[in-house]
Amino acid sequence: EPCFADSDETLTRAAFGDAVSYDELRERGWAQRPRKEAPFAQGGFLTPSGRCVIDAPGLGVPDYVAPYESAASAPELAARYPLAMISPPARNFLNSSFVNVKSLRDIEGEPILEMHADDAAARGLADGQLVHVFNDRGRSTCRLRVTSGRARAGVVNGLGVWWRKLGFDGTNVNQLTHQRLTDIGRGPTFYDCLVEVEACA
């Protein structure tokens, strides 16, 4: 296609149009674009006063708020699913981004669940075996990595997030998290997630 034969100059001119002088960019190596808008420069914040609020009196002093799923807030659930699961991105992925890049998948190897040695011993689990991590919302299969440094007792790390089609059984740890939103920020409660782990049959 003709577009794949475009020169660097053609691409640069198309990207900036009249907003930046191509000749100035070539001569100086950089160019400043005119600023069309500066959000909130004239105020207009969505607060009662219309001003930016640094200390919000309605929120009070920061305090510990128990997770939605924990032994303190949901003891019956914690009795069935005693491990808290977090799902940080694997080192070579950015959440589920870059999982499609084979060279990065090759470095990561396979979906990993990190577990403290004490928790693994209590369940008769060994480093390197396949395990199911599960709760009422779903189940995922991972390779167990037993550690005493990266996962603290009572917490498992479901590294990923692997695309479902690349998981051991077409699943990933996202299937275990809740759709509930946080109370103030309205973000997802990814880290309020209780699970249990068992050996694959």
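In region 1-30, what residues are assigned to a loop (DSSP other than H, G, I, E, B) and either at pLDDT 80 or above or of a type in the set (S, T, N, Q) (or both)?
D6, S7, V20, S21, G29, W30
With respect to A79, determine if the residue is free of Cβ contacts under 8 Å to residues at least 12 places away in the same chain, surrounded by fewer than 19 Cβ atoms within 10 Å (Cβ to Cβ) and under 22 Å from H178 (Cβ atoms).
yes
Please give the number of the condition R91 fails out of (1) under 14 Å from V161 (Cβ atoms); (2) surrounded by 11 or more Cβ atoms within 10 Å (Cβ to Cβ); (3) in contact with a helix residue (DSSP H, G or I) (Cβ under 9 Å, 6 or more places away or on another chain).
The single condition R91 does not satisfy is (2).
Filter region 19-30 for residues that are in contact (Cβ under 8 Å) with a residue 12 or more places away in the chain and touching a helix residue (DSSP H, G or I) at 6+ places or on another chain (Cβ under 9 Å) and give the result.
Within region 19-30, V20, Y22, L25 meet the criteria.
If we scan region 14-26, do we find a residue that is under 30 Å from D136 (Cα atoms), surrounded by 11 or more Cβ atoms within 10 Å (Cβ to Cβ) and of a type in the set (S, T, N, Q)?
Looking for residues that are under 30 Å from D136 (Cα atoms), surrounded by 11 or more Cβ atoms within 10 Å (Cβ to Cβ) and of a type in the set (S, T, N, Q), one finds none in region 14-26, hence no.
May I ask you to list the residues in region 143-178 that are among the β-branched types (V, I, T) and either closer than 17 Å to M115 by Cβ or in contact with a Leu (Cβ under 6 Å, 6 or more places away or on another chain) (or both)?
Correct list: V146, T147, V155, V156, V173.
What single numbered condition from (1) among the acidic types (D, E); (2) surrounded by fewer than 17 Cβ atoms within 10 Å (Cβ to Cβ); (3) within 24 Å of D192 (Cα to Cα) fails to hold for D106?
Exception for D106: condition (3).
Looking at the structure I just gave you, is A84 in a loop (DSSP other than H, G, I, E, B) and surrounded by 10 or more Cβ atoms within 10 Å (Cβ to Cβ)?
no
State which residue is surrounded by the most Cβ atoms within 10 Å (Cβ to Cβ) when the search covers only region 63-73 and only residues that are closer than 16 Å to V155 by Cα and not hydroxyl-bearing (S, T, Y).
E69
Somewhere in region 48-63, is a residue within 30 Å of R150 (Cα to Cα), under 33 Å from the mean Cα position of the chain (by Cα) and in a loop (DSSP other than H, G, I, E, B)?
Looking for residues that are within 30 Å of R150 (Cα to Cα), under 33 Å from the mean Cα position of the chain (by Cα) and in a loop (DSSP other than H, G, I, E, B), one finds at least one in region 48-63, hence yes.
Take residues that are surrounded by fewer than 16 Cβ atoms within 10 Å (Cβ to Cβ) and tell me which of the strands (runs of 3 or more DSSP E) falling wholly in region 109-201 contain 1 or more.
By residue number, 138-147, 194-199.
The values are calculated or read from the model by the stated rules, or taken from the named source; none is laboratory data. Predicted, not measured: the structure shown is a model, and the values here were computed from it. Because the Cβ atoms are built from the backbone with ideal geometry, glycine has one as well, and the counts that use them run over all protein chains shown.
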